[in-house]
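First comes the structure, then the notes that go with it.
The values are calculated or read from the model by the stated rules, or taken from the named source; none is laboratory data. Owing to the predicted nature of the structure, the values given are computational and were not obtained by experimental measurement. All Cβ positions, glycine included, derive from the backbone under ideal geometry; neighbour counts span all protein chains shown.
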Amino acid sequence: MALVGVGSGCFGSDDAGNPDSQLSADEASAPLEKGSPELKDLRGEANQLLTGGADAFSERLDELRGTPVVVNNWASWCGPCRAEFPHFQAAADRLGDQVAFLGVDTDDNDDAAKTFLDELPLPYPSYTDPDSEIKKEFFDSPVGLPNTAFYGSDGKRVYVHQGPYASEDELQAEIDRYAQ
């Protein structure tokens, strides 16, 4: 089954999250006890919106070389993004000492994004991408949200998943295949 997005809209229409599996803000920002200094620093920026555009995002990927990276491209107005957030929360909480997770908030309003992150806190930071600069350069995806890019520990992008993850198991299978 192929998913096709139109313009900069979302893939699909599901806007329901799974409240039973969501992390609290305290859980999302709890320090890592194990992991590299880079992964501990990443957790120290949990649930924050970072600025700096494509240059700052590229620098972060360079800093994380040696560690596999999973990057989720989302927006607060995107229903499917909201639906898959608990899957990313759980995976990053479980694997955050082995795999780096980053977010990219595209075509969004910072206040709306912050409100969304208050509702569904992430154990990793997201970069603001108001003009789709990061999306265009790093996701190679001209349409639709969400998207997820996987980078190997060598720093090279190995795969981009377009569309939402329907389950935590589906996300975990791709993490196992592309990021470990």
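Figures for the structure shown
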{"read-out": "Hey, residue 8 modelled with pLDDT under 95 and over 22 Å from residue 137 (Cβ atoms) or not", "value": "no"}
{"read-out": "In region 72-91, the residues that are touching a Lys or Arg at 6+ places or on another chain (Cβ under 9 Å) and either farther than 21 Å from residue 51 by Cα or in contact (Cβ under 8 Å) with a residue 60 or more places away in the chain (or both)", "value": "73, 74"}
{"read-out": "Whichever residue in region 120-152 is at pLDDT 95 or above and small (Gly, Ala, Ser) and, among such residues, is farthest from residue 47 (Cα to Cα)", "value": "152"}
{"read-out": "Residue match in region 30-39 (condition: within 18 Å of residue 74 (Cα to Cα) and assigned to a loop (DSSP other than H, G, I, E, B))", "value": "no"}
{"read-out": "Test: residue 140 is over 15 Å from residue 101 (Cβ atoms) and in contact with a helix residue (DSSP H, G or I) (Cβ under 7 Å, 6 or more places away or on another chain)", "value": "no"}
{"read-out": "Answer residue from region 98-140, given it is among the polar types (S, T, N, Q) and farther than 12 Å from residue 72 by Cβ and is surrounded by the fewest Cβ atoms within 10 Å (Cβ to Cβ) among those", "value": "115"}
{"read-out": "Strands (runs of 3 or more DSSP E) contained in region 70-180 and holding at least 1 residues closer than 19 Å to residue 56 by Cβ and small (Gly, Ala, Ser)", "value": "100-106, 126-129, 147-151"}
{"read-out": "Any chance residue 157 is under 18 Å from residue 65 (Cα atoms), surrounded by 16 or more Cβ atoms within 10 Å (Cβ to Cβ) and of a type outside the set (Val, Ile, Thr)", "value": "yes"}
{"read-out": "Conditions (1) hydroxyl-bearing (Ser, Thr, Tyr); (2) part of a strand (DSSP E or B); (3) more than 12 Å from the chain's Cα centre (by Cα): number failed by residue 67", "value": "(2)"}
{"read-out": "Residues satisfying the stated conditions in region 74-118, i.e. of a type in the set (A, V, I, L, M, F, W, C) and at positive phi", "value": "none"}
{"read-out": "Members of region 103-127 that are more than 18 Å from residue 24 (Cα to Cα) and in contact (Cβ under 8 Å) with a residue 12 or more places away in the chain", "value": "104, 105, 106, 107, 108, 109, 110, 112, 127"}
{"read-out": "Candidates 158, 99 - the one that is at pLDDT 95 or above, β-branched (Val, Ile, Thr), over 13 Å from the mean Cα position of the chain (by Cα) and over 20 Å from residue 51 (Cβ atoms)", "value": "158"}
